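K.L.:
Before I ask anything, let me first share the structure, which is written out below as structure tokens.
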Amino acid sequence: MFLQKYIHKNNFFDLNIFISSFLIIFFKWAISFLLFKDENLVNKVLFDISDVYYFPFILNFLELNFSPDYLLDIKSENLIPIPIYSILIHAIFFKIFGLFGFFILELFFLYIFLIIIHKILLYCKINYFLALTISLFIFIIPSLFANLQLMNINLSIVNGIFSFRFPRPLVTSCYFFWGIYLALQYYKDDKFDLKKFLLIGVCLSLVFVSYYYNFISLFILFIFLFVNKILNIKDYFKNNYLSIFLSVLIFLLLTLPYLYIYSLSEKDFSSMMGVIDLNFDLRIKLLMHFLSKIFTFKFIIVFLLITFLRFFLLKSQNQINEKIIKFFYFFFLATLISPFFFTIFSPSISEIYHFLNWIVITSILVLIIYFSLFINFKLLKINKLFFLPLSFFLILLFQFIHYENLNNDNKYLRKDYLNLQKLIDLNTNELETLLSFSIRSQVLWMLKDKKKFASIESSVSSLSFDQLEQNFIQNLKFLNISNNEFFEIISNKKGSWRYSNEYIKYISWYKYRANSLVTFESSKDFDENELKYILNSSPTKTQQIILPKFEIERLVKTYKTFNSGSNFENPDLIILKKDSLISKYVNLENDLYCKLSGFNNLKIFILRELEKCT
């Protein structure tokens with residue numbers, strides 16, 4: 001494995017890291033093909049490439065369609081803010097290599113992630129082999145912590161460091177850690193040329209468009225470092241103003257396309273994504289909530305530990321560069337400040353828990369790097385070959401965890417989708433229109449180059465709430481769902497740790513988010529138990545969905561009085577999850593549709609004129 005010993009600091013190819021990345025990806029997919037031998041690439045992508053919600057964006061981007069509506073008789077008037085830079089590379093590879101491009105890009109982004117982390121550690125003068133092992137350890141942290149809790153903190157949040165979930169964090173983490181690497185170079189190097197200034201502008205634009213939570217931390221970090229340069233280097237701004245100006249200019253130029261699309265986007269889409277306008281009272285509530293989290297005993301311990309290690313390393317430094325120690329403390333402070341900074345200056349805010357998650361992630365990363373510096377310069381007495389078996393062990397450990405997770409996957413559902421593909425392929429000329437309330441089924445339909453939908457997932461379309469709501473009701477009317485059954489379908493439902501409703505989320509996502517910070521139209525029109533739960537819910541519980549009573553009443557009234565008319569086109573294929581309420585209550589005419597057998601987790605109906613019922 002270790003065929004080369006050292007890497008030149010400006011060389012971005014490392015054979016050891018490439019081999020490590022290749023082994024991880026090769027065995028990751030080998031396990032999937034061994035466990036599910038009969039599956040084709042489509043099934044692998046649908047189940048093993050996490051977050052299928054972004055697949056429609058790739059297809060839309062390739063068609064330069066920024067106003068996707070999908071539905072037969074409903075047209076969108078606005079755009080959808082596609083995160084262009086987080087899907088751009090995948091779109092290009094999908095165009096060239098098809099579905100196989102996703103496999104190639106897993107290898108590519110894993111290599112990029114590991115090489116950036118490794119370069120950061122090498123820049124800190126950490127031993128090559130120790131840096132390689134630490135890079136692999138950081139990669140495997142999300143898998144190790146997936147089901148762990150420490151001091152009531154769900155450590156699964158560290159999957160934000162890196163995972164194969166597309167595009168976040170597969171793509172976004174590479175952008176972010178590239179920014180950290182550039183920031184380290186900027187702080188440590190006395191001479192910083194124009195090329196690197198321009199790369200900072202490029203990197204910040206990629207991070208801003210792809211995942212603005214990381215952008216805020218990076219922005220604050222660069223502000224810290226810039227001020228430090230101003231204070232410590234005479235005539236710094238005078239000597240570098242042109243490079244700084246060009247860096248800002250390229251950031252603006254690369255950001256403007258997305259901002260333009262966003263400015264023309266469907267106004268309901270922001271509400272769908274949980275964006276809320278911040279007034280003075282909401283700002284104060286959020287700031288007080290953040291302070292309450294910062295001043296907990298458990299975080300104070302972490303803060304003191306990081307601070308102690310900083311001073312300890314500074315005091316005992318021999319070979320450790322003082323700037324390296326200070327840089328990672330700046331990084332920690334920038335992430336810590338980011339939620340306060342954003343809440344004070346931003347006119348709106350969305351899923352605020354991401355800020356707190358990254359405080360935890362950054363704390364872990366800074367602790368790892370500080371301990372690595374200590375081990376490297378104080379305790380490293382053993383032979384470097386020790387890191388060879390340790391690195392192999394980390395790779396094998398990841399594969400074992402991956403095997404366990406994949407082995408627990410729903411084998412029957414995967415088989416259903418394989419059979420569903422065969423059905424579509426055998427009737428590809430006859431099947432044109434799909435009715436389903438599952439994003440996975442809809443993505444499968446798109447991958448089979450089908451364009452017509454009777455219903456579409458709200459987060460992948462540019463339709464308004466009214467359009468999505470009317471379409472949903474029309475489809476349930478077609479399925480002969482009664483008024484009482486409709487009421488049960490849309491009623492609030494409490495899960496193990498939050499309220500949610502898969503169908504309300506399907507047509508509106510976070511429009512009806514409810515926690516102690518915000519409810520729909522600031523309403524308190526909930527039953528006693530719901531209101532009590534809402535008031536006790538953290539503002540970070542942004543994915544909790546609870547409808548006020550007046551909205552449930554409005555939807556029920558709309559359903560009762562809705563007239564489908566004669567323009568509704570019967571879908572050729574209907575796919576329902578067997579354990580869903582809609583599947584439970586569906587009542588289709590037997591002379592129009594037949595139910596297909598041979599499916600375990602899905603309920604499939606097809607027009608009788610297209611298929612002989614068995």
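K.L.:
Among (1) outside any helix (DSSP H, G or I); (2) surrounded by 16 or more Cβ atoms within 10 Å (Cβ to Cβ), there is one condition Leu64 misses while meeting the rest; what is its number?
P.N.:
(2)
K.L.:
To continue, here is another question. In the range 474-493, which residue that is part of a helix (DSSP H, G or I) and among the hydrophobic types (A, V, I, L, M, F, W, C) is farthest from Leu547 (Cα to Cα)?
P.N.:
Phe478
K.L.:
Just need a number here: residues in the range 271-285 that are out of contact with any Phe, Trp or Tyr (no Cβ under 9 Å at 6 or more places or on another chain) and either among the aliphatic types (A, V, I, L, M) or touching a residue at least 60 places away in the same chain (Cβ under 8 Å) (or both).
P.N.:
Taking the range 271-285 as the starting set, the residues that turn out to be out of contact with any Phe, Trp or Tyr (no Cβ under 9 Å at 6 or more places or on another chain) are 276-285.
Checking which are either among the aliphatic types (A, V, I, L, M) or touching a residue at least 60 places away in the same chain (Cβ under 8 Å) (or both) leaves us with 276-278, 282-285.
The qualifying residues number 7.
K.L.:
For the range 537-551, what are the residues that are buried (at least 21 other Cβ atoms within 10 Å of the Cβ) and not in a loop (DSSP other than H, G, I, E, B)?
P.N.:
Within the range 537-551, Ile545 is the sole residue that qualifies.
K.L.:
For the range 456-475: of the residues being touching a helix residue (DSSP H, G or I) at 6+ places or on another chain (Cβ under 6 Å) and surrounded by 22 or more Cβ atoms within 10 Å (Cβ to Cβ), which is nearest to Leu264 (Cα to Cα)?
P.N.:
Within the range 456-475, the match that is nearest to Leu264 (Cα to Cα) is Val460.
K.L.:
Go through the range 300-347 and give me each residue that's touching a residue at least 12 places away in the same chain (Cβ under 8 Å) and exposed (fewer than 11 other Cβ atoms within 10 Å of the Cβ).
P.N.:
Passing the criteria: Asn318, Gln319, Pro347.
K.L.:
Further, regarding this structure: Is it the case that the range 507-516 has a residue that's surrounded by fewer than 16 Cβ atoms within 10 Å (Cβ to Cβ) and either under 25 Å from Val556 (Cβ atoms) or in contact with an Asp or Glu (Cβ under 8 Å, 6 or more places away or on another chain) (or both)?
P.N.:
No - not one qualifying residue is present in the range 507-516.
K.L.:
Right, here's the next one. Any residue that is among the small types (Gly, Ala, Ser), without any contact (Cβ under 8 Å) to a residue 60 or more places away in the chain and within 23 Å of Arg440 (Cα to Cα) - is there at least one of those in the range 506-521?
P.N.:
No, the conditions are met nowhere in the range 506-521.
K.L.:
Assess whether Ile261 counts as being assigned to a helix (DSSP H, G or I), touching a strand residue (DSSP E or B) at 6+ places or on another chain (Cβ under 7 Å) and over 23 Å from Ala183 (Cβ atoms).
P.N.:
Yes; evaluated as a whole, the condition is true for this residue.
K.L.:
What are the pairs, 6+ residues apart or on separate chains, where a residue within the range 69-81 that is more than 28 Å from Asp572 (Cβ to Cβ) and assigned to a loop (DSSP other than H, G, I, E, B) has its Cβ under 6 Å from a residue that is aromatic (Phe, Trp, Tyr) and at pLDDT 85 or above?
P.N.:
From the range 69-81, the pairs are Pro81/Tyr262.
K.L.:
Another question about this same structure. Pairs needed: first member in the range 494-505, in contact (Cβ under 8 Å) with a residue 12 or more places away in the chain; second member anywhere, assigned to a helix (DSSP H, G or I) and not hydroxyl-bearing (Ser, Thr, Tyr); C-beta distance under 7 Å; at least 6 residues apart or different chains.
P.N.:
Cβ pairs passing all conditions: Asn501/Ile490; Tyr503/Ile489; Tyr503/Ile490; Ile504/Ile490.
K.L.:
Here is a follow-up. Filter the range 8-42 down to residues that are in contact with a Leu (Cβ under 7 Å, 6 or more places away or on another chain) and either exposed (fewer than 15 other Cβ atoms within 10 Å of the Cβ) or of a type in the set (Val, Ile, Thr) (or both), then give me how many there are.
P.N.:
11
K.L.:
Can you tell me which residue in the range 436-451 is nearest to the chain's Cα centre (by Cα), limited to those that are of a type in the set (A, V, I, L, M, F, W, C) and assigned to a helix (DSSP H, G or I)? Walk me through how you get there before you give the answer.
P.N.:
Taking the range 436-451 as the starting set, the residues that turn out to be of a type in the set (A, V, I, L, M, F, W, C) are 437, 439, 443-447.
Of the ones still in play, those that are also assigned to a helix (DSSP H, G or I) are 439, 443-447.
Values: Ile439: 16, Val443: 17, Leu444: 20, Trp445: 23, Met446: 21, Leu447: 21 Å.
The qualifying residue nearest to the chain's Cα centre (by Cα) is Ile439.
K.L.:
Can you find a residue in the range 348-368 that is closer than 24 Å to Lys285 by Cα and loosely packed, with under 14 Cβ neighbours inside 10 Å?
P.N.:
Within the range 348-368, one or more residues are closer than 24 Å to Lys285 by Cα and loosely packed, with under 14 Cβ neighbours inside 10 Å.
K.L.:
Right, Ser496: under 28 Å from the mean Cα position of the chain (by Cα), buried (at least 19 other Cβ atoms within 10 Å of the Cβ) and assigned to a loop (DSSP other than H, G, I, E, B) or not?
P.N.:
no
K.L.:
OK, next. Working only within the range 577-591, note down all residues that are part of a loop (DSSP other than H, G, I, E, B) and touching a strand residue (DSSP E or B) at 6+ places or on another chain (Cβ under 7 Å).
P.N.:
Lys578, Val586, Leu588
K.L.:
Another question, if that's okay. Every residue in the range 557-595 that is among the β-branched types (Val, Ile, Thr), under 22 Å from Tyr412 (Cβ atoms) and without any contact (Cβ under 8 Å) to a residue 40 or more places away in the chain, please. Break it down into steps so the answer makes sense when it comes.
P.N.:
Looking only at the range 557-595, we keep the residues that are among the β-branched types (Val, Ile, Thr), and these are 558, 561, 574-575, 582, 586.
Filter once more, keeping what is under 22 Å from Tyr412 (Cβ atoms): 574-575, 582, 586.
Once the filter is applied, which keeps residues that are among the β-branched types (Val, Ile, Thr), under 22 Å from Tyr412 (Cβ atoms) and without any contact (Cβ under 8 Å) to a residue 40 or more places away in the chain, the range 557-595 yields nothing.
The values are calculated or read from the model by the stated rules, or taken from the named source; none is laboratory data. Computed from a prediction, not measured in an experiment: that's the story for all the values here. Using ideal geometry, Cβ is built from the backbone for each residue, glycine included, and neighbour counts are taken over all protein chains shown.
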